[in-house]
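Working notes, structure below.
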Amino acid sequence: MPTPQTLYEKIWNAHVVEQRDDGTCLIFIDRHLVHEVTSPQAFEGLRVAGRRVRRPDLTLAVPDHNLPTTARLDGNGQHVPIADPESAQQLEALERNAPEFGIAYINATDIKQGIVHVVGPEQGFSLPGTTIVCGDSHTACHGGLGALAFGIGTSEVEHVLATQTLQLTRSKSMEVRVEGALGPGVSAKDVVLHITGVLGASGGTGHVIEYTGAVIRALSIEGRLTISNMAIEHGARAGLVAPDDTTFAYLKGRPMAPKGAQWDAAVAYWRSLATDAGAVYDKVVTINAADIGPSVTWGTSPEDVLPITGIVPDPSAFADPSKQDAARKSLAYMGLTPGTRMTDIEVQNIFIGSCTNSRIEDLRAAAAVLKGRKKADNIKWAIVVPGSGLVKHQAEAEGLDRIFIDAGLEWREPGCSACLGMNPDKVPAGERCASTSNRNFVGRQGPGARTHLVSPAMAAAAAVTGKLTDVRELTT
Amino acid sequence: MKPISSVNGRAYPLGLKNVDTDIIIPAPWLKTISRSGLGKGAFEALREVPGNVFDDPAYAAAPILIAGDNFGCGSSREHAAWAMADLGISAVIAPSFSDIFSGNAFKNGLLAIVLPQAAIDRLMEVAQTDNIHIDLETQTVTTPFQDRFVFEIDPFRKHCLINGVDEIGLTLKSSDAISTYETKISAQQPWLTPNIA
């Protein structure tokens, strides 16, 4: 009988082109997503060395980070110029490089345009059992479909463009098992924030994590993508969820997914990928869903997580002296005092979007809270940024845009937006934002901006009350 | 990549844990289409604080940085490695690094050296007054006070760093193996080629 294998081992082994004596493997890459920020230097490297793209047919380019989320066409159907010359230059570079190297390119006004990690699954470009890379750390996202997906730097982008492979050493494996059932008001985002709090920001370093258990199995693909998306926030190389009927139902009929007999063959293969009984992970962490409440961050690392019912911690209460120091600096930056109830913290800005939480289900969850309500007077800026043109279209067909607009929120064009503020969407210095994005780092949403990471429903609740709020108080 | 076998000089005693790549180089600096000139934006938020180590004349042009656990966490931006190299940093010593940063550092000949916290604490002390020496061949970090710390490094990475190997060039030598793999997999899993057009 063959040795039982984990999902990760099966995908890894299926992609080994060559293995060297020291254990380094040449791994074949099935899918490469390219955006404008981390690719210009890679294309330039190819040009200088006179190299071509080996497999343009496995590569898809789409702009997302720099694009303004305001209207892209004026009243006459003309392109609205991008005000920031550096952003414009970077976008133009991708628009030029993609055709020069024979790569398919989705332009900024195409309905298919969106955040790379929303576009990949939505188009059926991302498939179970594949290796997927992108010059973006949130590439782990696609692991929600059962793909081995991870972020790479620009040198590796160039390496994949030139060779369709990467030189890699195998990571360790970890199982994060979430047992039980989620309570009311608790979403996939709360689960992954909670996991990050439990593991710490470096708890997954050197590992590929497979998320398992009843909670994960019960999640939609949108929810699984949200969880895997933030694998990097607890340090993991990649996150994985075993593909199942939920996955196949999501992918069937998507434009780039296999069709007909090929679909059946693909599904049969994907079913064989699940971790075998008796396979051993290097580490196992079990989490009980009953311990997970609507969650929120208080500091400047995604590990700084509390249930919304919690209070701002006292730095001296941490056992680790370096964490005490980090917590003091975080609280100073965040302008928070130990002992403050999280629900007493006022916010001025709301951001609903990002590759973590901008899919249709996220927008539905936010709209369900906002329906028939208005944003609080102290909310100065509140934007909803759909993950793609197709998500936007779907939301409008369901009337979600009207709910947001009637509540006083702005309904924007798709892109990365205020998650990292490379485009004009930024949070002003010293102000707080309840944000559905993935990072609360110092200066992430703009210099001096103070980020509290939350779920879409919690961001909507904060919009209504003007402070961090337990969404259960508005929905039950 | 330029070959690198040793680093000698002063070290910025930063010591912070979870130094993320947004701290190393904030997003507005990522709009460049070049690899150079990012040193100006390196550690921008930290440098706004008076008395920060980066602007302390005692550490001017130091080639080494000492940090806490999980250095380089967050974004995959290689701009973080480029910015540090542009600032004149050739090596970072920390108890752990994020996987992506460590790969990016390697590709740029920037040493990411892992030592236990006790060694970091000692080096933070030495860094206040004296030089630190890193030797890649013997995999050691030493000080003028007879401290000697041995570090681990992947043998392939060590070889590439010391010899300044062009990794793409190296992989291209395996072109035939890649072609063989492609032929095999397109027969076994024909649905793997996406319908992009």
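So the values come out like this:
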read-out	value
Residue-by-residue Karplus 3J(HN,Hα) for region A:357-368, coefficients 6.51, -1.76, 1.60, Hz, glycine and proline x	9, 9, 8, 4, 5, 5, 5, 4, 5, 5, 5, 4
Protein-only accessible surface order, largest first, of A:R432, A:R402 at 1.4 Å	A:R402, A:R432
Net charge of neighbours whose Cβ lies under 11 Å from the Cβ of B:K40, counting Lys and Arg as +1 and Asp and Glu as -1	-1
Nitroxide proxy distance, nm - points 7 Å out along Cα→Cβ at A:N107 and B:M1	3.9
Residues whose placed amide H lies under 5 Å from that of A:E431, excluding near-sequence neighbours	A:R450
Estimated Rh, the protein assembly as shown: Kirkwood, alpha-carbon pairs, angstrom	25.1
Residues A:V16 and B:I162, FRET efficiency given R0 of 25 Å [Cβ-Cβ distance, rounded to 0.05]	0.45
Shielding by partners, peptide B:151-164 (average Cβ within 10 angstrom, other chains)	2
Net charge dipole size for region B:6-165 [Lys, Arg +1 and Asp, Glu -1 on Cβ; Debye, nearest 20]	380
Alpha-carbon centroids, region A:192-255 and region A:11-37: separation in whole Å	21
Average other protein chain Cβ within 10 Å of Cβ, residues A:317-329	2
Rh (Kirkwood; distinct C-alpha pairs) - chain B, Å	18.2
Sparse-neighbour loop sites [GluC sites (Glu not before Pro); region B:1-103; at most 16 other C-beta within 10 Å; DSSP]	B:E48
A:A249/A:I311 FRET efficiency (R0 51 Å; Cβ-Cβ; nearest 0.05)	0.75
Mean separation of Cα contacts under 8 Å (6+ apart) over length of region A:41-182, as relative contact order %	25
Cα-projected label distance for B:R47 with B:A118, points at 7 Å along beta-carbon direction, nm	3.7
Per-residue average of Cβ from other chains inside 10 Å of B:93-104	5
Mean Cα-pair separation over length for chain B, i.e. relative contact order, pairs under 8 Å, 6 or more apart, %	25
Other-chain or far-sequence residues with amide H under 5 Å of A:M422's (modelled H)	none
Neighbourhood net charge (14 Å Cβ-Cβ; Lys/Arg +1, Asp/Glu -1) for B:K184	-4
Relative contact order, percent, chain A [alpha-carbon distance under 8 Å, six or more residues apart]	17
Scaled radius of gyration (Cα, divided by 2.2 N^0.38 Å) that region A:7-168 gives	1.09
Candidate aspartates and glutamates - alpha carbon under 15 Å from B:K173, same-chain residues fewer than 8 apart omitted	A:E18
Two-site label geometry, A:A268 and A:K283: point separation in nm, points 7 Å out along Cα→Cβ	3.9
Among B:P63, B:N163, B:S175 - extreme Cα towards positive end, dipole of chain B, charges at beta-carbon	B:S175
Charge-dipole axis of chain A as Lys and Arg at +1 and Asp and Glu at -1 on Cβ define it, positive-most pick from A:H194, A:T169, A:P447	A:H194
Low-density loop positions, GluC sites (Glu not before Pro), region B:106-197 - DSSP coil, at most 13 other Cβ in 10 Å	B:E137, B:E152
Accessible area buried, both sides summed, chains B and A with 1.4 Å probe, Å²	5400
Student exercise, region A:296-475 dipole from Lys, Arg, Asp, Glu Cβ charges, in Debye to nearest 20	160
Computed E for B:N8/A:N378 - FRET, C-beta separation, R0 41 angstrom, nearest 0.05	0.15
Residue-span extension gain [A:N76 to A:R217] - 0.36 nm each, minus C-alpha spacing	46.0 nm
Net dipole in debye of chain A [+1 Lys, Arg Cβ; -1 Asp, Glu Cβ; about Cα centre; nearest 20]	240
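The values are calculated or read from the model by the stated rules, or taken from the named source; none is laboratory data. Remember, it's a predicted structure, so these values are computed and weren't measured experimentally. Neighbour counts run over all protein chains shown; Cβ positions are idealised from the backbone, glycine included. Ligands, DNA and RNA are stripped out before the accessible areas are found, and what is left, the full protein with its side chains, is counted by its heavy atoms. Shrake-Rupley method; radii C 1.70, N 1.55, O 1.52, S 1.80 Å.
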